[in-house]
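Okay, structure first, notes after.
Coordinate-derived values only; no laboratory data. Just so we're clear, the structure is a prediction, and the values are computed from it rather than from any experiment. Every residue, glycine among them, receives a Cβ derived from its backbone with ideal geometry; neighbour counts consider all protein chains shown.
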Amino acid sequence: MVDTFRPDGRGVRHGKPGRKIGGGKRPGAQWSVRDTGAARSPANMVPQPAGKARVKPRHWGLLASFIAVVAVPVAALWFYLTAFAVDQYGSRAGFTVRSEEGSAATDLLGGLQQIAGGGTGGDSDILFEFITSHEMVRRLNEEIDLAAHYSQFHAIDPVFSLTDRATIEDVVDHWQRVVRVSFDQSGGLIELQVLAFDPATAQALASGIVAVSQALINELNAQARADSMRFAEADLAAALARLRAAREALTAFRIRTQIVDPESDLQGRMGVLNTLQQQLAEALIEFDLLSETTSNPDDPRLRQINRRITVIRDRIAAERQTFARDETGPGGTDYPTLMAEFEGLVVDREFAEESYRAALTAVDVTRTNAARQSRYLAVFIHPTLPESAEFPRRGTILGLALLFLSLGWAILTIVYYSIRDRQ
């Protein structure tokens, strides 16, 4: 018989002596006392030591998977970087596109200089894309054989070198790997770094990029000046044709109506009407005075004055009707229609004159801007000559490889045990 005691002093009697107490599965020390006649109390309980931890097959599997997934690839990468990877040198350069400040005369012209050229922000965007383009590779390849330089160590270092049988597309793809460009859109600053297998070539390539970029800016300047002059001259020709048509229309109106200025002609007619009204007033006064001095209503003088008043009134009515009656003006047109047509022709002529003056001023400003370089490449970091090889960054590559391989191994391990526990 074996008695076991709980921590509270209460004992439990088992049927067979010498069995493990507590079922054998519960962790922790087991307490037991044999039936030797000693007093059964908690003080007589003896702790039994736990068994030794042993490496199980799953632990060996985890270690083997870590070695296969992480350790071996990192070791192989380290061996390649230290034994085969060829050193590369990086040359840095920085530039931006600048434009000349506008003069006071240009400001007085109402900003017409904007017609002659665009902003420099778009030029910087063009350069940012142009540096890694096929055209840049083609132009640089005329000075330096890019395929020969970047493929010279292909037998030793195939990862960081260009293949021996590279096409122009392969060269462009490799060029985008060895040229690193950063662009600050707020300030229009472009900084680049060119990698090569020797310092002189790296500096030569950076200098070539600056030279080709300057040539591109000059081409954009020339094209912009040519386009501006062409557009300005086209606008001037259109404005001149419009002014000529407006003046010819006004001349045709004067020939057709035989009126140089309908306003002046109307003022003359208004003068005739005013004169008739003055004569009518004088005749009425004379009639009133004569009526007071004679008592004979058949006085010939009264009949003569009365007839004169009637004729003047009829003439005034006839003159007033000519201002609005149809087919009273020259050519069978009423005066309101003539006035409306004349005013429209005058407005067209004045607008055509203003357009012609603006177009002529724009041509002068464009011609002045075309005589000088309005945009140029300002280099604030001249191509540097590297003294030490900074690439490939072996420590960075190994660290990133170790990090991502470890993360991948950990994720795969978690997924594996999650699936196994569910089965």
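At a Förster radius of 22 Å, what calculated FRET efficiency corresponds to the Cβ-Cβ distance of R138 and E191, to the nearest 0.05?
E between R138 and E191, to the nearest 0.05, is 0.40.
Given just the C-alpha atoms of segment 199-296, how large is their convex hull per residue in cubic angstrom?
For segment 199-296, the hull spanned by Cα atoms encloses 109 Å³ per residue.
Once you have the Cα-Cα distance between L403 and E354, take 0.36 nm times their residue separation minus that, and quote the gain in nm to one decimal.
So the extension gain works out to 10.4 nm.
Taking 56 Å as R0, compute the FRET efficiency from the Cβ-Cβ separation of I168 and M270 and round it to 0.05.
Result of the calculation: an efficiency of 0.10.
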